[in-house]
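Trainee: This is the structure I have questions about; it appears just below.
The values are calculated or read from the model by the stated rules, or taken from the named source; none is laboratory data. None of the values given here were measured: they were computed from a predicted structure. Cβ placement follows ideal geometry from the backbone for every residue including glycine, while neighbour counts extend to all protein chains displayed.
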C-alpha cells in the first residue's frame, strides 16, 4: 500500500473517531443518569486518544491528519438531537442512537482492516477496533438494561 493510501485510511478513521468524540459528548449532555454521563465522557476521551495515535501515524507517513468529522457523523448527531428532543432526552433513546453510531464505527474499522496495511498500522487499527467493539458491546448492554427497566 502506498503512503497516500495509508494516509487516506488513517484519515477516514480519524474522522470516524472525531464523530465518536462528538457523539459521546452529545450523549453525555443528553443523559439524565450521572453514571451514563461519566461513561460517555470517558468514551469521548478514549476516542480523543485514538485520534492522537492515528494522527501521529499520518504525520510519520508525511501526511496531514484530518481535522474534522464526517458528514455522516454530523447528520447522525442532528438525528440524536431530534430523537432525544421528541423523547424528552430519554436514556433509552440516547443509548439507541449511541449504539447506531458504534455500528458505524465498527464498520469503518473493519473496512480499514480489509486494506493492505503495514504490520504496525494493522496492529494499531486492530487494537483500536478491539476498543470500538468493547464500546459497542457495553452500549448494547446498557441499552438492553434501559429497555428492560424503563424509568
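Trainee: If you scan segment 113-136, which residues turn out to be in a helix (DSSP H, G or I), more than 13 Å from the chain's Cα centre (by Cα) and surrounded by fewer than 16 Cβ atoms within 10 Å (Cβ to Cβ)?
Mentor: Residues satisfying the conditions are 119, 120, 122, 123, 126, 127.
Trainee: Consider residue 110 against the criteria (1) modelled with pLDDT of 80 or more; (2) crowded, with 16+ Cβ neighbours inside 10 Å: it satisfies all of them except one. Which criterion is unmet?
Mentor: Status for residue 110: all satisfied but (2).
Trainee: So how many residues does segment 1-59 have that are in a loop (DSSP other than H, G, I, E, B) and under 12 Å from the mean Cα position of the chain (by Cα)?
Mentor: Just the residues of segment 1-59 that are in a loop (DSSP other than H, G, I, E, B), to begin with: 1-2, 31-33.
Then keep just the ones that are under 12 Å from the mean Cα position of the chain (by Cα); that gives none.
Number satisfying all stated conditions: 0.
Trainee: For residues that are surrounded by fewer than 15 Cβ atoms within 10 Å (Cβ to Cβ) and at pLDDT 90 or above, scanning just segment 62-72, find the one that is nearest to residue 19 (Cα to Cα). Break it down stepwise before answering.
Mentor: Kept after step one, since they are surrounded by fewer than 15 Cβ atoms within 10 Å (Cβ to Cβ), are these residues of segment 62-72: 62, 64, 67-68, 71-72.
When the remaining residues are screened for being at pLDDT 90 or above, the result is 62, 64.
Working: 62: 24, 64: 18 Å.
Among them, the one singled out is 64.
Trainee: Now for a different question. So in segment 75-91, with the set limited to residues that are in contact with a helix residue (DSSP H, G or I) (Cβ under 8 Å, 6 or more places away or on another chain) and either loosely packed, with under 14 Cβ neighbours inside 10 Å or part of a helix (DSSP H, G or I) (or both), which one is modelled with the highest pLDDT? Quick ask: steps written out before the conclusion?
Mentor: Residues of segment 75-91 in contact with a helix residue (DSSP H, G or I) (Cβ under 8 Å, 6 or more places away or on another chain): 76-77, 79-81, 83-84, 87, 89-91.
Next cut, either loosely packed, with under 14 Cβ neighbours inside 10 Å or part of a helix (DSSP H, G or I) (or both) only: 76-77, 79-81, 83-84, 91.
Values: 76: 50, 77: 50, 79: 54, 80: 54, 81: 57, 83: 53, 84: 52, 91: 81.
Among residues in segment 75-91 that are in contact with a helix residue (DSSP H, G or I) (Cβ under 8 Å, 6 or more places away or on another chain) and either loosely packed, with under 14 Cβ neighbours inside 10 Å or part of a helix (DSSP H, G or I) (or both), the one modelled with the highest pLDDT is 91.
Trainee: Confirm whether residue 100 is closer than 17 Å to residue 16 by Cβ, in a helix (DSSP H, G or I) and at pLDDT 90 or above. Even if it seems obvious, please write down each step before you answer.
Mentor: Working: closer than 17 Å to residue 16 by Cβ: yes; in a helix (DSSP H, G or I): yes; at pLDDT 90 or above: no.
No: the conditions fail for residue 100.
Trainee: From 94, 58, grab the single residue that is crowded, with 20+ Cβ neighbours inside 10 Å and at pLDDT 85 or above. Quick ask: steps written out before the conclusion?
Mentor: Details: 94 fails: at pLDDT 85 or above.
Going through 94, 58 in turn, just one is crowded, with 20+ Cβ neighbours inside 10 Å and at pLDDT 85 or above: 58.
Trainee: Give the residue that is surrounded by the fewest Cβ atoms within 10 Å (Cβ to Cβ), with candidates limited to residues of segment 137-149 that are touching a helix residue (DSSP H, G or I) at 6+ places or on another chain (Cβ under 7 Å) and farther than 17 Å from residue 21 by Cα.
Mentor: Within segment 137-149, the subset touching a helix residue (DSSP H, G or I) at 6+ places or on another chain (Cβ under 7 Å) is 139-140, 142-143, 146-147.
Checking which are farther than 17 Å from residue 21 by Cα leaves us with 140, 142-143, 146-147.
Working: 140: 16, 142: 21, 143: 19, 146: 19, 147: 11.
So the residue we want is 147.
Trainee: Okay, moving on. Would you mention how many residues in segment 37-57 are in contact (Cβ under 8 Å) with a residue 12 or more places away in the chain and within 17 Å of residue 20 (Cβ to Cβ)? Write out each step before concluding.
Mentor: From segment 37-57, those in contact (Cβ under 8 Å) with a residue 12 or more places away in the chain are 39-41, 43-44, 46-48, 50-51, 53-55, 57; that's our starting set.
Those still in the list that are within 17 Å of residue 20 (Cβ to Cβ) too: 39-41, 43-44, 46-48, 50-51, 53-55.
Residues in segment 37-57 being in contact (Cβ under 8 Å) with a residue 12 or more places away in the chain and within 17 Å of residue 20 (Cβ to Cβ): 13 in total.
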